[in-house]
């Protein structure tokens, strides 16, 4: 109010006069300070004398309803879709100089009724943690000329090199990783569990995954980045990541090698390739035998509609002369005003045994939504 402001100025001016003529010149500065406080509506204002790292908050919530049929029983599950589970992240960023920037990332995820562990034998909620758990916690130093160094829990160099995909259907199709959608479901033979889950018979084709590691990425050159990382257990991996647009055609590819001999006595090569044509048609191959065909178009003003079909085959994963296959189809509808996606998919998983009765197929129908913030 004008009345309060005037009295504040009178009081401040009196203090200046009492302090002597040398302080009279500060009256205008004091008046400006009173005005600033008045404009702040009485709220406390904190000012930092030094520039610090900025902080941004983001994440999403992803929930789904699944209908599953394993041949012996069927039912409905309410799950967190582990193709992109619910998460929250805090990203810090600060500039060191014209070339160097520093960053921090804390990303926590939710595993309440996670789709990769749930099966029809559960009571509806799995017994895993239902609070936020660690996904990525790291610090980074990035240089435009020298590349990027990452230290902490995060993606290894070969992570995602087998999952190149430009269909935009990651919420609905599994791209070689069916265990993320229903990994805990058990194959049945004559009404009894076989002892083989979807997770056990399908490869993840995902490289070394996320681990505590140190990772280095070169600057991108003509769309290509070379990465290498070292993890606990004295294991290491390397990856090539490529992304570019050539004559209107988008191309994404990856090639990875993981040396996990000290951890699980495995050395793994993985790779993938995906293309997106200007008319919206996409193709992707990867893993042992995985393929996907997608199509993106605008059917509604709300956002893009995305369709995809896929097939994958894995041999000798859980047993000699065993073959696991799945096929699936999915649709994703983008809601641009909300930054959200609605999705629906169907998948069929099949296991062929050597010299024994084959188990029943497992059918999975999934409908859900992911809302970003």
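What follows draws every value from the coordinates through simple rules; no lab data is involved. All figures in this text were calculated on a predicted structure; none of them were measured in a lab. Methodologically, a virtual Cβ is constructed for each residue, glycine included, from the backbone with ideal geometry; neighbour enumeration extends over all protein chains shown.
Structure above, values below:
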| item | result |
| --- | --- |
| Rounded if a/c under 1.5, otherwise prolate or oblate - the range 260-354, Cα gyration tensor axes | prolate |
| Neighbour-count ranking [beta-carbon atoms within 10 angstrom, fewest first] of 314, 332, 251 | 251, 314, 332 |
| Cα convex hull of the range 113-197 - mean projected area over all directions, nm² | 8.8 nm² |
| Relative exposure of 265, 160, judged by other C-beta atoms within 10 Å (fewest first) | 265, 160 |
| Additional length obtainable on full extension of the chain from residue 316 to residue 367, 0.36 nm per residue less Cα span | 15.2 nm |
| Rg over Rh [alpha-carbon atoms, Kirkwood Rh] for the range 83-126 | 1.34 |
| Distance between the range 145-209 and the range 294-373 - C-alpha centres, whole angstrom | 12 Å |
| For the range 51-173, convex hull of alpha carbons as volume per residue, Å³ | 143 Å³ |
| Fewest-first sequence of 156, 289, 366, 86 by Cβ atoms within 10 Å of each Cβ | 289, 86, 366, 156 |
